[in-house]
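One structure is given below, encoded as C-alpha coordinates.
The values are calculated or read from the model by the stated rules, or taken from the named source; none is laboratory data. Keep in mind it's a predicted model, so treat the numbers as computed, not measured. Every residue, glycine among them, receives a Cβ derived from its backbone with ideal geometry; neighbour counts consider all protein chains shown. Heads up: the accessible areas ignore ligands, DNA and RNA and are worked out on the full protein's heavy atoms, side chains in. Shrake-Rupley method; radii C 1.70, N 1.55, O 1.52, S 1.80 Å.
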Amino acid sequence: MTAAADPAPGAVPGPVRGPVPGSGRRVLVVDDEEPLARLVRTYLERDGFEVTLAFDGPSGLDLARQVRPDVVVLDLGLPGLDGLEVCRRLRTFSDCYVVMLTARGEEVDKLVGLSVGADDYVTKPFSPRELVARVSVMLRRPRAGSLAPAGPTGPDAGGPGRLVVGALAVDTEAREVHVDGRSVELTRTEFDLLAALAARPRMAFGRRQLIEAVWGADWVGDEHLVDVHVGHLRRKLGDEVGAARFIRTVRGIGYRMGEG
(Lines give C-alpha, C1' and ligand atoms only; values in the text may rest on other atoms or scores of the structure.)
Protein backbone atom coordinates (compact mmCIF):
# COMPACT_ATOMS: atom_id res chain seq x y z
CA MET A 1 0.00 0.00 0.00
CA THR A 2 1.26 3.48 -0.79
CA ALA A 3 1.39 6.15 1.89
CA ALA A 4 -0.19 9.50 1.14
CA ALA A 5 2.23 12.23 0.06
CA ASP A 6 3.62 14.52 2.76
CA PRO A 7 2.38 18.14 2.68
CA ALA A 8 4.48 20.70 0.87
CA PRO A 9 6.87 22.78 3.00
CA GLY A 10 4.98 25.47 4.86
CA ALA A 11 1.59 23.90 4.22
CA VAL A 12 -0.86 23.61 7.09
CA PRO A 13 -1.16 19.93 8.03
CA GLY A 14 -4.60 18.39 7.83
CA PRO A 15 -6.13 14.96 8.15
CA VAL A 16 -4.66 12.33 5.85
CA ARG A 17 -6.72 9.42 4.60
CA GLY A 18 -5.17 6.08 3.88
CA PRO A 19 -6.38 3.91 1.02
CA VAL A 20 -9.53 1.93 1.66
CA PRO A 21 -9.13 -1.55 0.19
CA GLY A 22 -12.01 -2.95 2.23
CA SER A 23 -10.05 -5.03 4.71
CA GLY A 24 -12.51 -4.11 7.46
CA ARG A 25 -9.75 -3.28 9.97
CA ARG A 26 -9.80 0.50 10.27
CA VAL A 27 -7.41 2.43 12.49
CA LEU A 28 -7.43 6.16 13.16
CA VAL A 29 -4.11 7.56 14.41
CA VAL A 30 -4.39 10.96 16.12
CA ASP A 31 -0.99 12.45 16.96
CA ASP A 32 0.48 15.91 16.36
CA GLU A 33 3.97 14.44 15.86
CA GLU A 34 3.55 13.97 12.11
CA PRO A 35 6.72 11.92 11.44
CA LEU A 36 5.74 9.51 14.21
CA ALA A 37 2.12 9.29 13.02
CA ARG A 38 3.25 8.54 9.45
CA LEU A 39 5.71 5.92 10.69
CA VAL A 40 2.96 4.23 12.70
CA ARG A 41 0.72 4.31 9.63
CA THR A 42 3.41 2.60 7.54
CA TYR A 43 3.74 -0.25 10.04
CA LEU A 44 -0.03 -0.64 10.37
CA GLU A 45 -0.55 -0.67 6.60
CA ARG A 46 2.13 -3.33 6.23
CA ASP A 47 0.02 -5.44 8.57
CA GLY A 48 -3.08 -4.94 6.39
CA PHE A 49 -4.88 -2.14 8.25
CA GLU A 50 -6.75 0.76 6.66
CA VAL A 51 -5.24 3.85 8.28
CA THR A 52 -6.40 7.46 8.60
CA LEU A 53 -4.30 10.19 10.22
CA ALA A 54 -5.26 13.33 12.10
CA PHE A 55 -2.88 15.78 13.73
CA ASP A 56 -5.11 17.58 16.24
CA GLY A 57 -8.03 16.81 18.52
CA PRO A 58 -10.93 18.38 16.56
CA SER A 59 -9.83 16.72 13.30
CA GLY A 60 -9.53 13.42 15.10
CA LEU A 61 -13.12 13.63 16.35
CA ASP A 62 -14.43 14.64 12.91
CA LEU A 63 -12.66 11.75 11.22
CA ALA A 64 -13.82 9.28 13.89
CA ARG A 65 -17.40 10.16 12.94
CA GLN A 66 -16.66 9.80 9.23
CA VAL A 67 -14.55 6.64 9.00
CA ARG A 68 -15.97 4.76 12.04
CA PRO A 69 -12.63 3.18 13.04
CA ASP A 70 -12.30 -0.13 14.84
CA VAL A 71 -9.33 1.22 16.82
CA VAL A 72 -8.19 4.77 17.62
CA VAL A 73 -4.54 5.34 18.53
CA LEU A 74 -4.80 8.58 20.46
CA ASP A 75 -2.00 10.82 21.74
CA LEU A 76 -2.59 12.40 25.14
CA GLY A 77 -0.97 15.75 24.29
CA LEU A 78 -2.87 17.15 21.29
CA PRO A 79 -3.52 20.71 20.09
CA GLY A 80 -7.10 21.95 19.93
CA LEU A 81 -8.47 19.29 22.28
CA ASP A 82 -6.24 17.08 24.38
CA GLY A 83 -6.47 13.31 24.18
CA LEU A 84 -8.52 12.99 27.36
CA GLU A 85 -11.24 15.30 26.06
CA VAL A 86 -11.17 13.63 22.64
CA CYS A 87 -11.65 10.25 24.33
CA ARG A 88 -14.53 11.57 26.46
CA ARG A 89 -16.33 12.91 23.40
CA LEU A 90 -15.50 9.84 21.33
CA ARG A 91 -17.22 7.66 23.90
CA THR A 92 -20.50 9.53 23.34
CA PHE A 93 -20.83 8.07 19.83
CA SER A 94 -18.36 5.18 19.42
CA ASP A 95 -17.40 1.99 21.24
CA CYS A 96 -14.20 1.50 19.23
CA TYR A 97 -11.07 0.36 21.02
CA VAL A 98 -8.82 3.23 22.16
CA VAL A 99 -5.07 2.96 22.73
CA MET A 100 -3.78 6.07 24.52
CA LEU A 101 -0.25 7.29 23.76
CA THR A 102 1.47 9.27 26.47
CA ALA A 103 4.95 10.74 26.70
CA ARG A 104 4.51 11.15 30.44
CA GLY A 105 5.80 8.58 32.89
CA GLU A 106 3.48 9.32 35.79
CA GLU A 107 1.05 6.52 36.60
CA VAL A 108 -1.74 9.05 37.19
CA ASP A 109 -1.74 10.02 33.50
CA LYS A 110 -2.27 6.41 32.47
CA LEU A 111 -5.04 5.92 35.00
CA VAL A 112 -6.81 9.13 33.99
CA GLY A 113 -6.64 8.07 30.35
CA LEU A 114 -8.24 4.74 31.17
CA SER A 115 -10.86 6.43 33.36
CA VAL A 116 -12.30 8.33 30.38
CA GLY A 117 -12.75 5.20 28.30
CA ALA A 118 -9.37 4.17 26.87
CA ASP A 119 -8.81 0.41 26.67
CA ASP A 120 -5.02 0.32 26.79
CA TYR A 121 -2.04 2.67 26.88
CA VAL A 122 1.48 2.79 25.44
CA THR A 123 4.15 5.09 26.84
CA LYS A 124 6.44 7.03 24.48
CA PRO A 125 9.01 6.24 23.26
CA PHE A 126 7.66 2.95 21.98
CA SER A 127 8.36 0.44 19.25
CA PRO A 128 5.95 0.75 16.28
CA ARG A 129 6.00 -3.04 16.07
CA GLU A 130 4.81 -3.25 19.68
CA LEU A 131 1.98 -0.83 18.95
CA VAL A 132 0.90 -2.81 15.86
CA ALA A 133 0.98 -5.98 17.95
CA ARG A 134 -1.24 -4.35 20.61
CA VAL A 135 -3.74 -3.23 17.95
CA SER A 136 -3.76 -6.66 16.31
CA VAL A 137 -4.34 -8.41 19.63
CA MET A 138 -7.26 -6.09 20.38
CA LEU A 139 -9.01 -7.00 17.15
CA ARG A 140 -8.44 -10.70 17.76
CA ARG A 141 -10.04 -10.50 21.16
CA PRO A 142 -12.83 -13.02 21.75
CA ARG A 143 -16.16 -11.25 21.88
CA ALA A 144 -18.23 -11.61 25.03
CA GLY A 145 -20.69 -14.00 23.36
CA SER A 146 -17.94 -16.59 22.96
CA LEU A 147 -17.29 -16.44 26.70
CA ALA A 148 -20.88 -17.11 27.69
CA PRO A 149 -22.18 -20.56 28.59
CA ALA A 150 -24.74 -22.13 26.28
CA GLY A 151 -27.60 -21.87 28.74
CA PRO A 152 -28.98 -19.70 31.58
CA THR A 153 -26.82 -19.11 34.66
CA GLY A 154 -29.44 -18.02 37.17
CA PRO A 155 -33.09 -18.59 38.06
CA ASP A 156 -34.15 -15.48 36.14
CA ALA A 157 -31.98 -16.08 33.08
CA GLY A 158 -33.92 -15.56 29.89
CA GLY A 159 -32.05 -18.01 27.66
CA PRO A 160 -28.77 -18.37 25.79
CA GLY A 161 -26.67 -15.24 25.79
CA ARG A 162 -28.34 -13.79 28.88
CA LEU A 163 -26.40 -13.90 32.15
CA VAL A 164 -28.20 -13.01 35.37
CA VAL A 165 -26.49 -12.54 38.73
CA GLY A 166 -28.94 -11.18 41.28
CA ALA A 167 -29.98 -7.70 40.14
CA LEU A 168 -27.43 -7.73 37.31
CA ALA A 169 -28.41 -8.84 33.79
CA VAL A 170 -25.83 -9.14 31.00
CA ASP A 171 -27.11 -9.74 27.46
CA THR A 172 -24.07 -10.92 25.51
CA GLU A 173 -25.91 -10.92 22.18
CA ALA A 174 -27.31 -7.39 22.42
CA ARG A 175 -24.27 -6.28 24.47
CA GLU A 176 -26.50 -4.64 27.06
CA VAL A 177 -26.19 -4.49 30.84
CA HIS A 178 -28.93 -3.69 33.34
CA VAL A 179 -28.72 -3.25 37.11
CA ASP A 180 -31.98 -3.11 39.07
CA GLY A 181 -33.72 -2.57 35.73
CA ARG A 182 -31.65 0.45 34.70
CA SER A 183 -29.35 0.43 31.70
CA VAL A 184 -25.60 0.74 32.34
CA GLU A 185 -23.31 2.07 29.61
CA LEU A 186 -19.97 0.26 29.40
CA THR A 187 -17.01 0.39 27.06
CA ARG A 188 -16.17 -2.71 25.01
CA THR A 189 -13.44 -3.72 27.42
CA GLU A 190 -15.61 -3.18 30.49
CA PHE A 191 -18.42 -5.21 28.94
CA ASP A 192 -16.14 -8.08 27.95
CA LEU A 193 -14.56 -8.16 31.41
CA LEU A 194 -17.96 -8.24 33.12
CA ALA A 195 -19.23 -10.93 30.73
CA ALA A 196 -16.17 -13.09 31.42
CA LEU A 197 -16.80 -12.88 35.17
CA ALA A 198 -20.58 -13.36 34.89
CA ALA A 199 -20.24 -16.37 32.58
CA ARG A 200 -18.53 -18.26 35.42
CA PRO A 201 -19.92 -16.59 38.55
CA ARG A 202 -18.51 -19.14 41.02
CA MET A 203 -14.97 -18.96 39.64
CA ALA A 204 -12.23 -16.80 41.14
CA PHE A 205 -10.19 -15.37 38.26
CA GLY A 206 -6.55 -14.33 38.51
CA ARG A 207 -5.41 -11.27 36.58
CA ARG A 208 -3.69 -13.39 33.94
CA GLN A 209 -6.81 -15.50 33.45
CA LEU A 210 -8.87 -12.36 32.85
CA ILE A 211 -6.20 -10.97 30.51
CA GLU A 212 -6.37 -14.15 28.43
CA ALA A 213 -10.18 -14.26 28.49
CA VAL A 214 -10.66 -10.61 27.51
CA TRP A 215 -7.48 -9.24 25.93
CA GLY A 216 -6.21 -12.56 24.53
CA ALA A 217 -3.28 -14.84 25.28
CA ASP A 218 -0.91 -12.77 23.10
CA TRP A 219 -1.44 -9.54 25.05
CA VAL A 220 1.71 -8.15 26.68
CA GLY A 221 1.68 -5.32 29.21
CA ASP A 222 0.98 -4.41 32.82
CA GLU A 223 -1.55 -6.88 34.19
CA HIS A 224 -2.68 -4.29 36.76
CA LEU A 225 -4.65 -2.86 33.84
CA VAL A 226 -7.31 -5.35 34.99
CA ASP A 227 -7.56 -3.61 38.37
CA VAL A 228 -8.22 -0.24 36.71
CA HIS A 229 -11.04 -1.60 34.55
CA VAL A 230 -12.55 -3.48 37.50
CA GLY A 231 -12.56 -0.18 39.40
CA HIS A 232 -14.47 1.49 36.56
CA LEU A 233 -16.93 -1.40 36.42
CA ARG A 234 -17.61 -1.24 40.15
CA ARG A 235 -18.30 2.48 39.94
CA LYS A 236 -20.69 2.10 37.01
CA LEU A 237 -22.49 -0.87 38.57
CA GLY A 238 -22.91 1.00 41.86
CA ASP A 239 -20.70 -1.25 43.98
CA GLU A 240 -19.77 0.38 47.27
CA VAL A 241 -16.31 0.17 48.80
CA GLY A 242 -16.25 -2.71 51.25
CA ALA A 243 -19.73 -3.92 50.25
CA ALA A 244 -19.44 -5.07 46.65
CA ARG A 245 -22.65 -6.58 45.30
CA PHE A 246 -21.32 -7.62 41.93
CA ILE A 247 -17.51 -7.86 41.73
CA ARG A 248 -15.66 -9.14 44.76
CA THR A 249 -11.94 -9.21 45.42
CA VAL A 250 -10.54 -12.65 46.25
CA ARG A 251 -7.46 -11.93 48.32
CA GLY A 252 -4.28 -13.33 46.83
CA ILE A 253 -6.06 -14.45 43.63
CA GLY A 254 -8.07 -11.78 41.85
CA TYR A 255 -11.82 -11.32 41.31
CA ARG A 256 -15.12 -13.18 41.12
CA MET A 257 -18.79 -12.28 40.89
CA GLY A 258 -20.74 -11.48 44.03
CA GLU A 259 -24.34 -12.42 44.73
CA GLY A 260 -25.76 -9.33 43.07
Of the numbered conditions (1) out of contact with any Leu (no Cβ under 8 Å at 6 or more places or on another chain); (2) open to solvent by 10 Å² or more (accessible area, probe 1.4 Å), Thr52 fails exactly one; give the number of that condition.
(1)
Across the range 90-126, which residue is modelled with the highest pLDDT among those that are basic (Lys, Arg) and surrounded by fewer than 18 Cβ atoms within 10 Å (Cβ to Cβ)?
Arg91
Members of the range 236-253 found to be of a type in the set (A, V, I, L, M, F, W, C), over 22 Å from the mean Cα position of the chain (by Cα) and part of a loop (DSSP other than H, G, I, E, B), listed by number
Val241, Ala244, Ile253
Inspect all residues belonging to the range 2-18 and state whether any of them is farther than 15 Å from Pro128 by Cβ and modelled with pLDDT of 90 or more.
no
I need the full set of residues from the range 127-141 which are in a loop (DSSP other than H, G, I, E, B) and modelled with pLDDT of 85 or more, in order please.
Ser127
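Hey, among Pro79, Pro155, which residue is of a type outside the set (S, T, N, Q), at pLDDT below 85, outside any helix (DSSP H, G or I) and farther than 22 Å from Ala217 by Cα?
On the way: Pro79 fails: at pLDDT below 85.
It is Pro155.
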Residue pairs meeting the criteria (Cβ under 6 Å; at least 6 apart or on separate chains; first closer than 15 Å to Ala103 by Cβ, in the range 115-131; second assigned to a loop (DSSP other than H, G, I, E, B) and small (Gly, Ala, Ser))
Lys124/Ala103
Being without any contact (Cβ under 8 Å) to a residue 40 or more places away in the chain and in contact with a strand residue (DSSP E or B) (Cβ under 9 Å, 6 or more places away or on another chain): is that true of Val71 here?
no
Suppose we filter Ala204, Ala144, Ala148 for residues that are modelled with pLDDT under 90, aliphatic (A, V, I, L, M) and open to solvent by 20 Å² or more (accessible area, probe 1.4 Å); which single one remains?
Ala148
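How many of the residues making up the range 55-76 are part of a loop (DSSP other than H, G, I, E, B) and touching a helix residue (DSSP H, G or I) at 6+ places or on another chain (Cβ under 7 Å)? Write out each step before concluding.
Taking the range 55-76 as the starting set, the residues that turn out to be part of a loop (DSSP other than H, G, I, E, B) are 55-56, 68-70, 76.
In the following step, the residues that additionally are touching a helix residue (DSSP H, G or I) at 6+ places or on another chain (Cβ under 7 Å) were identified as 55, 70, 76.
Going through the range 55-76 one residue at a time, the tally reaches 3.
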Select from the range 158-168 the residues that are assigned to a strand (DSSP E or B) and open to solvent by 10 Å² or more (accessible area, probe 1.4 Å) and list them in ascending order.
Arg162, Val164, Val165
Scanning the range 176-235 residue by residue, those in contact with a Ser or Thr (Cβ under 7 Å, 6 or more places away or on another chain) and part of a loop (DSSP other than H, G, I, E, B) turn out to be Pro201
Please name all residue pairs, on different chains or six or more residues apart, with Cβ atoms under 9 Å, provided the first residue is in the range 27-41 and is under 16 Å from Val135 (Cα atoms) and free of Cβ contacts under 8 Å to residues at least 24 places away in the same chain and the second residue is open to solvent by less than 40 Å² (accessible area, probe 1.4 Å) and in a loop (DSSP other than H, G, I, E, B).
Ala37/Asp31; Ala37/Phe55
